[in-house]
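Novice: Below is the structure I would like to discuss, written out as structure tokens.
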């Protein structure tokens, strides 16, 4: 709006009163003496002033930027984004637990762009009673949350630098040939379900949840092939780790063991038309181990034994990665028990060494 009136009773000078309203509800008013004479000239000058004020109001640089949310607020958004991205149940549960136990107690009320080195120190201090690998994973989760905030345009960069130490990996342990034979014999004595369970680990290299989630529709016994499509995680049917469906070949004895199973439901290890849960495998394996005279070393030792057998047979790390469906050769190498490799290497060196004169 523009008002023009004589300047202090003068007939040649004019006062201009300009009021401009922006789309965001801002109002700017300027009352000044026009630097030109003549009413028509004053009107043109006033309209130019009005346009100048409006352009200033519409300048994006003048729009106040919304402050980044607090870490606790964004944590809820982060978990929702993870679910929307289709991340696995196990990954989402791990993120939620690490946020709740270790990160939110320190950072809940801290703005995303105001995280300080003292905050990182407080998180690490709270993790002192925990294992080294737990500390690594919690810091990875923190970095993942902050990187996601950058993707969402809430912050420009991570406000504090922190290093994530490498994980410590235990030396892989696998069953030797005698132990494998004892395990298979004990499973045969207990029944076809026990034999299929053991061989799906020893020969198929399947994870615990993948064994429980295996369905008849995933098998092509005529081709001696199996497609890993399902995984049981926290009692729920999920897609496999790695989020891909991969086909693997079956050994003759695993194919025969699967063919011998009754087909009473959709799952190979059927539980009244549904699947079993992860905790069911331990008592089954304990029965097999007790009969075979072997100690309990977890369920993953079956998968490690599969990888070690492939490597010992000359398959190499690439073959281990392919059969166990690892994306990284480094990961696959951690599934090879190398305790016998040193003695084999020494024998090779001894056999090839020239005789001393």
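For (1) closer than 28 Å to residue 321 by Cβ; (2) in contact with a helix residue (DSSP H, G or I) (Cβ under 7 Å, 6 or more places away or on another chain); (3) touching a residue at least 60 places away in the same chain (Cβ under 8 Å); (4) in the same structural domain as residue 218 (by TED's automatic domain parsing), each residue gets a yes or a no:
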site: 246; (1), (2), (3), (4): yes, no, yes, yes
site: 252; (1), (2), (3), (4): yes, no, no, yes
site: 259; (1), (2), (3), (4): no, no, no, yes
site: 267; (1), (2), (3), (4): yes, no, no, yes
site: 270; (1), (2), (3), (4): no, no, no, yes
site: 277; (1), (2), (3), (4): no, no, yes, yes
site: 281; (1), (2), (3), (4): yes, yes, yes, yes
site: 294; (1), (2), (3), (4): yes, yes, yes, yes
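Novice: Residue 242 - would you say it is assigned to a loop (DSSP other than H, G, I, E, B), without any contact (Cβ under 8 Å) to a residue 60 or more places away in the chain and on the phi > 0 side of the Ramachandran plot?
Specialist: no
Novice: Is region 166-179 home to any residue that is assigned to a helix (DSSP H, G or I), without any contact (Cβ under 8 Å) to a residue 40 or more places away in the chain and loosely packed, with under 14 Cβ neighbours inside 10 Å?
Specialist: Yes, because at least one residue in region 166-179 is assigned to a helix (DSSP H, G or I), without any contact (Cβ under 8 Å) to a residue 40 or more places away in the chain and loosely packed, with under 14 Cβ neighbours inside 10 Å.
The values are calculated or read from the model by the stated rules, or taken from the named source; none is laboratory data. If you're wondering where the values come from, they're calculated on a predicted model, not measured in any experiment. With ideal geometry, Cβ positions are generated from the backbone for all residues, glycine too; neighbour counts draw on all protein chains shown.
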